[in-house]
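The values are calculated or read from the model by the stated rules, or taken from the named source; none is laboratory data. Keep in mind that what you see is a predicted model, and the values were worked out from it rather than measured. Here Cβ is always computed from backbone atoms with ideal geometry, including for glycine, and neighbour counts include all displayed protein chains. SASA here: full protein model, heavy atoms, side chains in, ligands and nucleic acids out. Shrake-Rupley method; radii C 1.70, N 1.55, O 1.52, S 1.80 Å.
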Amino acid sequence: KNRRNEDIHKGEALFNSVPVGFHNKRVKVELHINDYRLVDSGDVLISKKQDYIDLPVAGIPVSTAVRGSIVNAGNVPVKDALLDFASGLATCRTNENGNFSLNLPIAAGEKVRLRIFINNEVKFNESVTVSPNIPVNLIIE
């Protein structure tokens, strides 16, 4: 069956001109789509009777481990500061050494608004770039 491009729906892929040598054979399919994986990574059967292969895929949850520290102008660690990423998408508090760590449901490299509250007062309100490799170290006045 010859499917036209407008017949292809979101999440489908069309394989044109599959060589006859593959008909009724099992093959290994690799998925190369960012943030998705095959639900079943086993072999699939290329049927001569069907013009499609059902390949269930699932999204890979996006998460980035973020860490850093908060100190005041005198380089003293700020204990119990509340960090609010993306208006409540993820929050955490600094420990007694001013350090924090959390997993953000945001891809590395994305910019996100970070607000830091100390004693219920906003002391920082700017965008930061999410990175698992570069800590968010800030000096709060």
SASA check, D80, accessible area w/ 1.4 Å probe, all protein chains in place, rounded to nearest 10 Å², comes out at 80
Label model pair K48, L102: point-to-point distance (7 angstrom along the Cα→beta-carbon line) in nm is 6.0
So K25 and T91, fully extended at 0.36 nm per residue minus their Cα-Cα distance, gain in nm 18.6 nm
So, over other residues within a Cβ distance under 14 Å of N97, counting Lys, Arg +1 and Asp, Glu -1, the net charge is +1
Excluding near-sequence neighbours (fewer than 8 apart on one chain), the chain holds lysine pairs with C-alpha atoms under 22 Å apart numbering 10
The relative contact order of the chain, taking Cα pairs under 8 Å that sit 6 or more residues apart, comes to a percentage of 20
Contour minus Cα-Cα span, R113 to I134, at 0.36 nm per residue, comes to 5.9 nm
Sorted by accessible surface (1.4 Å probe, heavy atoms of the protein chains only), largest first, F124, F85 come out as F124, F85
With DSSP loop assignment and no more than 16 other C-beta atoms within 10 Å, the GluC sites (Glu not before Pro) in region 87-124 are E96, E110
Taking a ≥ b ≥ c as the square roots of the Cα gyration tensor eigenvalues, with a/c under 1.5 meaning rounded and otherwise prolate when a/b beats b/c or oblate if not, the chain comes out prolate
Largest-first ranking of I134, I140 by accessible area, probe 1.4 Å, whole protein assembly kept, is I134, I140
